[in-house]
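Working notes, beginning with the structure itself.
The values are calculated or read from the model by the stated rules, or taken from the named source; none is laboratory data. Quantities reported herein were computed from a predicted structural model and do not represent experimental measurements. Counting neighbours? That spans all protein chains shown, and the Cβs are built from the backbone with ideal geometry, glycine included. When the accessible area is computed, the model is the full protein with side chains, heavy atoms only, and any ligands, DNA or RNA have been set aside. Shrake-Rupley method; radii C 1.70, N 1.55, O 1.52, S 1.80 Å.
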Amino acid sequence: MSTTELTEWAYPLAESLLAEPLPRRWAHSQGVAERARTIASILGKDADLMEAAAVLHDIGYAPDLAKTGFHPLDGARYLRNVAHADERVVCLVARHSCAWMEAEARGLREELENEFPRTHPHLADALCYCDMNTTPDGAPTNPVDRVNEIAGRYGPDSLIGTFIRRAEPEILASTARVVERLAAAKRQPM
């Protein structure tokens, strides 16, 4: 499957899993994919791959897919075992936005690490950037406000609230690396 075909395949799959049961999550996923299109210039041949991963990144929240309660793992397992997706998309979904830290808090880090190796750090940064620059409703935001929104929504003492605060420095570093790549690309003469 070409990367263009991958993107064309990803949207209807994500929509079928999220639009009806979780319309707000579907709106967020579409917004994350929109952010991916805005950084395509630094992704080169991986731009379509990133857009596909972006629209699929939260499918693990779908009621039919939620097995462990840890959406990156549930989504990635579905993509690997049922949808037979591109391995790079599967790993990006599994590890998006510092998922390893949440996996650790849930006692699932070993499973995550064994099944879905860390690959393509520049793509992981890009997906984190897209996710953390998108509100739950799909609108643009910034990583600081997004982290605050997540902590506020789940509560500071919840597993998610604790995880997101622990992950905040890495989220900010990851998104900053993407901003620097965008700035460097703009400085390059055409």
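Which residue out of Asp137, Asp145 is within 19 Å of His28 (Cα to Cα), open to solvent by 20 Å² or more (accessible area, probe 1.4 Å) and not in a helix (DSSP H, G or I)?
Answer to the check: Asp137.
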Open item on the list: Which pairs turn up if I take residues in segment 122-135 that are within 13 Å of Cys91 (Cα to Cα) and modelled with pLDDT of 95 or more and look for partners that are outside any helix (DSSP H, G or I) and open to solvent by 30 Å² or more (accessible area, probe 1.4 Å) with beta carbon separation below 8 Å, at least 6 apart in sequence or on another chain?
Closed with: Ala124/Arg95; Ala124/Arg118
Open item on the list: Given the criterion part of a helix (DSSP H, G or I) and modelled with pLDDT under 95, identify the matching residue among Leu6, Leu13, Leu43, Leu17.
Closed with: Leu6
Task: Hey, Gly107 without any contact (Cβ under 8 Å) to a residue 60 or more places away in the chain, part of a helix (DSSP H, G or I) and of a type outside the set (Phe, Trp, Tyr) or not - done: no
- [ ] Please name all residue pairs, on different chains or six or more residues apart, with Cβ atoms under 7 Å, provided the first residue is in segment 1-25 and is over 14 Å from Leu49 (Cα atoms) and of a type in the set (Lys, Arg) and the second residue is open to solvent by 70 Å² or more (accessible area, probe 1.4 Å) and at pLDDT 95 or above.
- [x] Arg24/Asp137; Arg25/Tyr61
Open item on the list: For segment 149-167, check the following and say yes or no: at least one residue is in a helix (DSSP H, G or I), farther than 14 Å from Val32 by Cβ, under 13 Å from the mean Cα position of the chain (by Cα) and among the β-branched types (Val, Ile, Thr).
Closed with: no
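Hey, can you tell me all the residues within segment 79-96 that are in a helix (DSSP H, G or I) and open to solvent by 50 Å² or more (accessible area, probe 1.4 Å)? If you could, list the steps in order and put the result at the bottom.
Pass one, segment 79-96, residues in a helix (DSSP H, G or I): 79-81, 87-94.
Residues satisfying the conditions are Arg80, Asn81, Glu87, Arg88.
Lys45: within 27 Å of Pro23 (Cβ to Cβ) and of a type in the set (Lys, Arg), yes or no?
Numbers: within 27 Å of Pro23 (Cβ to Cβ): no; of a type in the set (Lys, Arg): yes.
So Lys45 does not fit the description; no.
Residue by residue, here is whether (1) without any contact (Cβ under 8 Å) to a residue 12 or more places away in the chain; (2) open to solvent by less than 50 Å² (accessible area, probe 1.4 Å); (3) more than 20 Å from Glu8 (Cα to Cα) holds:
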{"position": "Glu51", "(1), (2), (3)": "no, yes, no"}
{"position": "Ile59", "(1), (2), (3)": "no, yes, no"}
{"position": "Asp64", "(1), (2), (3)": "no, no, yes"}
{"position": "Pro72", "(1), (2), (3)": "no, yes, yes"}
{"position": "Gly75", "(1), (2), (3)": "no, yes, no"}
